[in-house]
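The values are calculated or read from the model by the stated rules, or taken from the named source; none is laboratory data. Model, not experiment: these values are computed from the prediction. Please note: Cβ atoms are built from the backbone with ideal geometry, for glycine as well, and neighbour counts cover all protein chains shown. We work out accessible area using only protein heavy atoms, side chains counted, and drop any ligands, DNA or RNA first. Shrake-Rupley method; radii C 1.70, N 1.55, O 1.52, S 1.80 Å.
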Amino acid sequence: MREYLLTLCVTAAVTYLLTGPVRKFAIVAGAMPEIRARDVHREPTPRLGGIAMFGGLCAGLLVAAHLTNLKGVFELSNEPRALLSGAGLIWLLGVLDDKWGVDALIKLGGQMIAAGVMVLQGLTILWLPVPGVGPVSLTPWQGTLLTVALVVITINAVNFVDGLDGLASGMVCIAAAAFFMYAYRIWYGYGLESAAPATLFAAVLMGMCLGFLPHNIHPARIFMGDSGSMLIGLVLAAGAISITGQVDPDAMKLFVGSETAAVHATVPVYIPLLLPLTVIAVPFADLVLAIVRRTWRGQSPFAADRGHLHHRLLEIGHSHSRAVLIMYFWSALIAFGAVAYSVNSASMWFVLAIVALSAVGLVLLLLPRFTPRVPRWAERFVPPRYRRRRRGAAAARELARETSATAPGSEAEAEPGREPAGRIPAGINGATAIGDRSRFTQQRKISSSR
């Protein structure tokens, strides 16, 4: 565990430190596209954040290759090299798209090529655990098609949800944390060394997202762009593919005791079939709804619009930050709920807890304008918008200020045409002192028809 944590910290540190120089490079290179109709940010923001994330990925894998225990992953398996080669191709395609723009069909072809490169190097689905039948071996063509399909779906699901500041990186980080817990349990709890690559991929993915997130939270100073969203989508898919065809039920010694106990014990075998979908359940649902919505209108499935889930949250009245937190909540509920159920599927407490948390999530969705307040003693630790307003003290200070400004002998009375000292003239923004910036106060109506 210490080596996994070290790899995570190195990946996060390198990603964080590289993001600043990458932002300056993106500005110089002109990777700051104009604001589109579907965008929610108000100023041109540089992209190419995927360059820093790819640097963190390379640094994490390089450090892991020299650690005492994790270097065995590189000696016994070719999967880390397969991941790095596929990630390099998808990252290069994303950089070209962020700078000059790439056609949607060309990007789809590039995603399939990157997945095929990983398959050629051994990162593929070998068999599937089918309930009631057991492990079913796949032919090379079946494994290749299933692997390519999973990679393409995961990449586009993450890419589609990348519409708000910090949304994609935070949701993928939550998914990677849940997947790390599952893969580490399979590797450490059952002693299966074949689960070590997936555990390493999840740790590196968490580091990439955590290192980039401070630069990407609202208001974002840089976007990851397609070079980042497609990259983290591929790494997430690679972890799921690595562990799906490697969990051996016989090695886990599950089929012991009564039939009921065996059914509950085999849940971890079937979780790999569902976990890749649960960890991206929200982005995947957004992807499916977007395809149905666009094809229903006679548009291309890749045509951009403002009908995504995060756009809907903004439309009903949620703020930018709250919409992101709500998406975080649902992603964590689904991903960690699936992992918890795989640990103890016989307990009803997990089901009840998930139902209760789902009710809380629905309440949050229905209260877009509710602002929680914290106790007085905790106000210094939270942003000002969550603090209680002290109306009495503020009114007293305002009255004292007005009294002193209009008192006999004051500067305001001596020179009626001059602004009192300490008072900011109307129309001046106090932070910038360059005048009223009305374009920041104009809210564009979000319409799904655009």
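Please give the contour-minus-distance gain from Trp100 to Met112: 0.36 nm per residue of separation, less the Cα-Cα distance, rounded to one decimal in nm.
Fully extending the segment from Trp100 to Met112 adds 2.2 nm.
Shape of the range 1-131 from its Cα gyration tensor (a ≥ b ≥ c, root eigenvalues): rounded if a/c is under 1.5, otherwise prolate when a/b > b/c, or oblate?
Cα axes put the range 1-131 in the oblate bin.
Taking R0 as 51 Å, what FRET efficiency do you get between Gln299 and Leu126 from their Cβ-Cβ distance, rounded to the nearest 0.05?
0.85
Calculate the FRET efficiency for Arg2 and Val363 from the Cβ-Cβ distance with a Förster distance of 41 Å, rounded to the nearest 0.05.
Here the calculated transfer efficiency is 0.50.
Accessible area, 1.4 Å probe, largest first: how do Tyr16, Tyr184, Tyr4 sort?
Sorted by accessible area, descending: Tyr16, Tyr184, Tyr4.
Using a simple spin-label model with points 7 Å from Cα along the Cα→Cβ vector, what separation in nm is obtained for Lys71 and Ser85?
2.3 nm
I'd like the accessible area for Ile106, computed on protein heavy atoms only with a 1.4 Å probe and all protein chains in place. Round to 10 Å², please.
Taking all protein chains as shown, Ile106 has close to 100 Å².
Could you give the length gained on full extension between Val351 and Val136, defined as 0.36 nm per residue of separation minus the Cα-Cα distance, in nm?
74.4 nm
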